[in-house]
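The values are calculated or read from the model by the stated rules, or taken from the named source; none is laboratory data. Values in this document were obtained by computation on a predicted structure and should not be read as measured data. Virtual Cβ from ideal backbone geometry, glycine too; neighbours counted across all protein chains shown. Note: areas computed on protein heavy atoms with side chains; ligands, DNA, RNA excluded. Shrake-Rupley method; radii C 1.70, N 1.55, O 1.52, S 1.80 Å.
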Amino acid sequence: MASGTNTMNDTILKVEHLSMKFGGLMAINDLSFEAKRGDITALIGPNGAGKTTVFNCITGFYKPTMGMITMKQREGKDHLLERLSDFEITKHAKVARTFQNIRLFSGLTVLENLLVAQHNVLMKASGYTILGLLGLPAYKNAAKAAIEKATYWLEKADLVDRADDPAGDLSYGAQRRLEIARAMCTGPELLCLDEPAAGLNPKESLTLNALLRGIRDEGTSLLLIEHDMSVVMEISDHVVVLEYGQKISDGTPDHVKNDPKVIAAYLGVEDDEVEEVIAEVESEGGAH
Amino acid sequence: MTTQAENTSSGLMAKAVKEGIFAGFIAFGMFLLYVGIETYQNIDNQLVWRTRWGLLAVFVVVAAIGRFLTVAFFKPMVDRRKLAKAKTGVLEISSEKSFFHKHFLKIALIALLLYPIGSVMLFGPQGSLKYVDNFGIQILIYVMLAWGLNIVVGLAGLLDLGYVAFYAVGAYSYALLSANFGLSFWVLLPLAGILAGFWGVILGFPVLRLRGDYLAIVTLAFGEIIRLILINWTDVTRGTFGISGIAKASVFGIWSFDVSSPNYFPKAMGLATSSAWYKIFLFYIILALCLITAYVTIRLRRMPIGRAWEALREDEIACRSLGINTVATKLTAFATGAMFGGFAGSFFATRQGFVSPESFVFLESAVILAIVVLGGMGSLTGIAIAAVVMVGGTELLREMEFLKLIFGPDFTPELYRMLLFGLAMIIVMLFKPRGFVGSREPTAFLKERKAVSGSFTKEGHG
């Protein structure tokens with residue numbers, strides 16, 4: 001168990017001095033944080049704080065201007081994510097993601113969506129299509145295993161009954177769950193979710209919490225962006241708060257909840273407190 | 001209930017009669033001056049007028065009766081069918097299929113296999129030439145080209161306006177290698193496909209970074225570049241003169257179709273000397289090539305690569321987030337499509353016995369693309385039907401001699417084929433915006449195979 005707790009506590013993702021510049025705009029400014037293996041790490045902050053930009057840097061959709069993003073895999077292999085292109089990050093570094101505006105293959109069925117996610121495994125099994133075209137049993141077995149894996153995640157996401165329907169036909173909440181299931185079918189060690197609870201009603205939000213906890217308990221670490229505080233405070237083990245591309249707080253949900261800077265960022269402050277808070281922030285920034 | 005039904009039906013009749021008469025009046029008013037009165041110049045160059053009451057009456061009666069029939073019968077029928085559909089709750093894709101519908105593919109295949117035999121029996125060897133060559137082979141070439149392009153456009157969602165370039169590469173590969181090295185059709189057929197696929201990769205590399213309209217324009221340019229090279233590289237391709245005297249295909253090297261050859265096929269089989277046998281032989285070759293194309297496409301769709309193509313059409317960014325190398329995936333789609341274009345090209349060369357750059361103009365690309373779009377992107381059956389309608393329809397126009405009786409002896413119906421082509425496309429797109437077969441067969445299923453309605457699938461944007 002000692003080694004078990006050890007792996008539970010080591011770092012899976014290390015972001016160091018990450019900066020991202022769009023023209024003159026500094027979207028992320030010298031951001032550093034760590035996500036622990038087996039944790040649900042939440043990235044929160046007001047609109048425009050740069051959360052999605054951080055995500056896009058981690059998953060390779062943006063090339064960061066500066067900084068280093070290290071993904072430590074379970075077998076001890078390290079990947080420098082800023083050097084990999086987007087599809088390699090999922091393929092080799094085992095980081096999967098979902099999108100803020102759902103991106104499903106709406107014309108494919110739910111099952112097919114999950115099979116596309118297992119593309120790289122199936123490609124290898126089909127001998128890069130050539131052996132598969134000949135109808136060798138190796139591919140048939142792999143295809144069967146892929147459907148089993150898909151079924152497993154369909155059950156988790158409560159979508160088995162809709163497996164043969166087009167993904168575009170699902171309700172909004174079901175589409176969110178399908179996108180998460182699809183990302184899980186790539187076999188990730190770190191799953192990045194961009195606002196998974198956006199647009200869900202309270203009941204759907206609860207089932208989502210259960211799904212995310214289930215994913216964590218199976219050994220996949222999560223990094224999520226979220227606006228819905230009930231989701232964040234309930235399920236996350238570790239919260240990082242961003243404002244204007246900078247980290248303003250980092251710690252457990254309780255710590256963050258009571259951090260005056262976070263409260264100021266979210267709720268604003270009384271006029272006479274503003275200067276006080278600014279002074280405080282600046283002195284912190286200067287010390288940093 | 002019955003009285004009510006009778007009431008409504010008699011009410012409907014009264015309404016239909018009323019509307020019919022009304023339409024007749026409007027037609028009378030509209031056509032009175034245009035049709036009812038005609039002006040012409042008489043022998044003294046004076047403008048005089050005369051009346052055409054008979055023709056006007058025909059116009060008015062057609063309008064009145066047409067309106068009457070529409071209101072009384074056609075509209076209620078459409079409404080009833082819509083209502084029945086709504087009641088059963090089954091959308092356009094009905095699960096109850098007729099025998100013909102269920103076994104459509106088998107029936108079509110048997111009909112195609114028997115087609116040349118039937119036409120020889122009906123019209124004799126010489127008479128069958130028209131049906132086998134002009135209709136059969138011509139349509140099947142387009143079916144094959146459209147199925148090849150379908151991989152690129154229909155499955156992977158990459159708009160390729162220069163597909164004819166690969167057709168040209170295949171045709172010239174066969175023509176040049178056969179003329180210069182004397183290789184046989186059966187060696188060059190796969191070679192032409194491989195060369196075309198290779199060109200697909202070469203052209204694909206720089207092009208596939210582009211998306212949507214930009215991709216379409218650049219592929220269009222590549223198609224033209226290949227044609228211009230064929231025209232201007234006269235040392236090799238003989239430019240606009242083209243390459244003639246291309247060797248005929250042999251029956252796997254055992255029999256030949258050259259009349260002078262000692263093992264001339266019809267002689268060996270004890271048949272009369274006629275070019276029809278060669279055409280029938282070619283018909284079966286192109287049929288086999290089509291079937292191979294269909295088989296490979298169907299198999300590929302169930303492979304991870306085929307699913308990745310369709311996923312690419314639906315959402316490229318999502319594909320990349322799932323670890324799919326989109327560049328490699330696009331290239332394979334491009335190369336596979338090009339390969340089938342190359343096969344078709346080498347077949348075209350051996351069938352014509354002559355290739356020139358004129359056969360590979362942009363219009364050909366446009367026709368092939370139109371067939372893919374009309375058939376329903378991604379659907380093999382729909383595309384085959386579209387090819388029959390479009391190519392067979394234009395061939396049929398040549399046969400319409402009776403039109404000369406109506407429009408005068410100078411009328412050449414085939415000149416109007418592009419006009420009719422466009423008209424047919426507009427009509428089909430109005431009523432079936434997703435093509436003849438708009439729904440999509442899923443490649444895998446858990447409980448039951450349900451067709452995916454065309455309203456969910458995307459066309460791809462690059």
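Summary of computed values
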| item | result |
| --- | --- |
| Selection from A:117, A:151, A:174 lying farthest towards where the dipole of region A:106-187 points positive, charges on Cβ | A:117 |
| Descending semi-axes in whole angstrom, ellipsoid equivalent of chain B, from the Cα gyration tensor | 45, 33, 24 |
| Förster radius 30 Å - calculated FRET efficiency between residue B:400 and residue B:18, Cβ distance, rounded to 0.05 | 0.15 |
| Ordering of B:354-362, A:78-86 by packing [mean C-beta count within 10 Å, highest first] | B:354-362, A:78-86 |
| Burial ranking of peptide ranges B:146-152, A:27-33, B:301-307 (average Cβ count within 10 Å, highest at the top) | B:146-152, B:301-307, A:27-33 |
| Where only C-alpha atoms are counted, convex hull volume of region A:106-187 per residue in Å³ | 82 Å³ |
| Interface burial for A against B (accessible surface, 1.4 Å probe, total of both chains, Å², rounded to 100) | 3400 Å² |
| Relative contact order computed over region B:318-412 (Cα-Cα under 8 Å; 6+ residues apart), in percent | 10 percent |
| Potential lengthening between residue A:283 and residue A:201 on full extension [0.36 nm per residue; Cα-Cα distance subtracted] | 25.4 nm |
| For residues of B:444-450, the mean tally of beta carbons on other chains within 10 Å | 6 |
| Inter-label distance for residue A:234 and residue B:213, nm, one decimal - labels placed 7 Å from Cα along Cα-to-Cβ | 4.6 nm |
| Axial C-alpha extent at least 27 Å, average Kyte-Doolittle at least 1.6 - helices from chain B (DSSP) | B:185-207 |
| Probe 1.4 Å, accessible area per residue of region A:50-173, Å² | 43 Å² |
| Rounded FRET efficiency, nearest 0.05, which uses the C-beta distance separating residue B:86 from residue B:62 and R0 of 35 Å | 0.55 |
| Table column - 3J(HN,Hα) (Hz), region A:98-115, Karplus curve with 6.51, -1.76, 1.60, x for Gly and Pro | 10, 10, 5, 9, 3, 10, 9, 8, 5, x, 9, 6, 4, 4, 4, 4, 6, 6 |
| Portion, in percent, of the accessible area of region B:105-356 that falls on carbon or sulfur, probe 1.4 Å | 71 percent |
| Where GluC sites (Glu not before Pro) fall in DSSP loop in region A:210-244, at most 11 other Cβ within 10 Å | A:218 |
| Peptide A:96-104, shielding by other chains (average Cβ, 10 Å cutoff) | 3 |
| Residue-averaged [θ]222 nm for chain B, counting only DSSP H segments that reach four residues, each worth -39500 (n - 2.57) | -20500 deg cm²/dmol |
| Qualifying lysines (Cα of each under 22 Å from Cα of residue B:248; at least 8 residues distant if same chain) | B:130, B:267, B:279 |
| Per-residue average of Cβ from other chains inside 10 Å of A:221-229 | 0 |
| Relative contact order [Cα under 8 Å, 6+ residues apart], region A:195-239, whole percent | 52 percent |
| Packing-based order for B:110-116, B:187-193, using average beta carbon neighbours within 10 Å, highest first | B:187-193, B:110-116 |
| Residues of type lysines that residue A:124 reaches as a straight line, Cα spacing below 27 Å, ignoring anything fewer than 8 places off in the same chain | A:72, A:77, A:91, A:94, A:140, A:144, A:149, A:156, B:330, B:447 |
| For region B:436-447, 3J(HN,Hα) per residue [Karplus equation, 6.51 cos²θ - 1.76 cosθ + 1.60, θ = phi - 60°, Hz, x = Gly/Pro] | 4, 10, x, 8, 10, 7, x, 8, 8, 8, 9, 10 |
| Probe 1.4 Å, accessible area per residue of chain B, Å² | 52 Å² |
| Solvent exposure ordering (accessible area, 1.4 Å, most first) of A:147, B:43 | B:43, A:147 |
| 48 Å tail of the calculated P(r), the protein assembly as shown, as % of Cα pairs | 38 percent |
| Top positive-direction residue, dipole computed over chain B with Cβ charges, set B:131, B:422, B:381 | B:381 |
| Region B:303-462: relative contact order in percent, alpha carbon pairs under 8 Å with at least 6 residues between | 24 percent |
| Label point distance in nm, residue B:420-residue A:257, each placed 7 Å from Cα along Cα→Cβ | 7.7 nm |
| Cleavage-rule hits, chymotrypsin sites (Phe, Trp or Tyr not before Pro), region A:93-195, DSSP coil, Cβ neighbours within 10 Å at most 16 | A:128 |
| Cα-centre dipole for region B:105-356 with unit charges at Cβ (Lys and Arg positive, Asp and Glu negative), debye to 20 | 380 debye |
| Hits among lysines - C-alpha to C-alpha of residue B:18 under 24 Å, sequence gap 8 or more where chains match | B:75 |
| Computed E for residue A:218/residue B:410 - FRET, C-beta separation, R0 60 angstrom, nearest 0.05 | 0.15 |
| Net charge, residue B:380 excluded, C-beta distance under 10 Å - Lys, Arg +1, Asp, Glu -1 | 0 |
| Environment charge of residue B:298, counting only residues whose C-beta is closer than 14 Å and scoring Lys/Arg +1, Asp/Glu -1 | +4 |
| Point-charge dipole on Cβ atoms (K/R +1, D/E -1) for the protein assembly as shown, about Cα centre, debye to 20 | 3860 debye |
| Accessible area of chain A belonging to carbon and sulfur atoms, whole % at 1.4 Å probe | 54 percent |
| Within-11-Å neighbourhood charge of residue A:243 [Cβ basis; K, R +1; D, E -1] | +3 |
| Region A:106-187 - charge dipole about Cα centre, Lys and Arg +1 at Cβ, Asp and Glu -1, debye rounded to 20 | 360 debye |
